[in-house]
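K.L.:
Have a look at this one before I ask anything.
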Amino acid sequence: MKILILNGPNLNLLGTREPEQYGHTSLADVEALCRATATPLGLEVHFVQSNHEGELIDQIHAYGLLCQQGKAVGAVFNPGAFTHTSVALHDAIKGTGLPVIETHISNVFAREAFRHHSYVSPVAVGVMAGLGIQGYALAIQALAHRASHKVGA
Ligand code: CA2
């Protein structure tokens, strides 16, 4: 079974600036954590970062299909700033039925008001925020648990 770990714009900068918000870990560290968490659960990780909305949508479409075929459990998705702007990501998740756990490193609700609204949350199966990169690991565990209990199947 596969799992998509999808990261949106500017997350390639992780570990280079704003450590007070995002910590000192790099995106490569996040990938290593995701692989270390997913592999013992029998999940094959597809780890992607893109600064382009269309590429994120294409990945959602591809994994929506894999989930329908029973070949994937869903996606851990940090949409970055597109969280707060993108109707297209909302439509892609809704349109494919891909089980998504929206995951933010920072607590978006403790930050600027424009980060309090998410277009993704209404179509996500769950939301993680403010737990640092550990949120990715917890989201992977939640998707694995959800799939093994066939929630929504
Ligand atoms: O907390 C999160 O994970 C966010 O999704 C991160 C986004 C932000 O726009 C969301 O509101 C919350 C920003 C990602 C950019 O990350 C950087 C990391 C280091 C230096 C600059 C940007």
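K.L.:
Of the conditions (1) closer than 25 Å to His149 by Cβ; (2) within 16 Å of the ligand (Cβ to nearest atom); (3) under 13 Å from the mean Cα position of the chain (by Cα), Leu33 clears all except one; give me its number.
P.N.:
The failed condition is (3).
K.L.:
Scan segment 134-144 and tell me whether some residue there is outside any helix (DSSP H, G or I) and either β-branched (Val, Ile, Thr) or under 18 Å from Leu4 (Cβ atoms) (or both).
P.N.:
The answer is no, given that none of the residues of segment 134-144 is outside any helix (DSSP H, G or I) and either β-branched (Val, Ile, Thr) or under 18 Å from Leu4 (Cβ atoms) (or both).
K.L.:
Which residue, of Ser106, Ser121, Ser86, is within 15 Å of the ligand (Cβ to nearest atom) and closer than 19 Å to Thr25 by Cβ?
P.N.:
On the way: Ser121 fails: closer than 19 Å to Thr25 by Cβ; Ser86 fails: closer than 19 Å to Thr25 by Cβ.
The match here is Ser106.
Here, each number is a calculation from the coordinates, and none is a lab measurement. The structure displayed is predicted, hence computed values, not measured ones. Virtual Cβ from ideal backbone geometry, glycine too; neighbours counted across all protein chains shown.
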